[in-house]
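Structure, as structure tokens:
The values are calculated or read from the model by the stated rules, or taken from the named source; none is laboratory data. Note that the structure is predicted; figures quoted are calculated from it, not measured. Counting neighbours? That spans all protein chains shown, and the Cβs are built from the backbone with ideal geometry, glycine included.
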Amino acid sequence: MPRISAFYGIVIYMYIRVHGPPHVHAWAAEHRAVVDIGTGTITFGSLAARHAGLVRDWVELHRAELLEAWQRASMGDTPGTIDPLP
């Protein structure tokens, strides 16, 4: 699963399979979640409230880049990396 960003103890991965809408996987400590790129909402798993808010902010800030990365990955290329939150 390619790592595309990391910030404030959160690591973001993008893993493409033939399933679901565009999403990222967020890992923070022992918590794991799947986050919808279109909405920024957690669709599976959970994160601490602070981490969930940071991931949501990051997705909103980088939505266009994330969708481009999803497209690249779905075509078999690497998604690349995306800047972390400042």
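May I ask you to list the residues in the stretch 47-62 that are farther than 17 Å from residue 86 by Cβ and in a helix (DSSP H, G or I)?
The first filter runs over the stretch 47-62 and keeps only residues farther than 17 Å from residue 86 by Cβ, leaving 47-49, 52.
Correct list: 49, 52.
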Open item on the list: Can you find a residue that is touching a helix residue (DSSP H, G or I) at 6+ places or on another chain (Cβ under 7 Å), exposed (fewer than 13 other Cβ atoms within 10 Å of the Cβ) and in contact (Cβ under 8 Å) with a residue 24 or more places away in the chain anywhere in the stretch 8-29?
Closed with: yes
Open item on the list: So residue 70 passes all but one of these: (1) in contact with a Pro (Cβ under 8 Å, 6 or more places away or on another chain); (2) loosely packed, with under 13 Cβ neighbours inside 10 Å. Which condition number does it fail?
Closed with: (2)
TODO: Return the pairs, sorted by first residue and then second, in which the second residue is part of a helix (DSSP H, G or I) and modelled with pLDDT of 90 or more, the first residue lies in the stretch 70-86 and is among the aliphatic types (A, V, I, L, M), the beta carbons are less than 8 Å apart, and the residues are 6+ apart or on different chains.
DONE: 82/62; 82/65; 82/66; 82/69; 85/54; 85/57; 85/58; 85/61
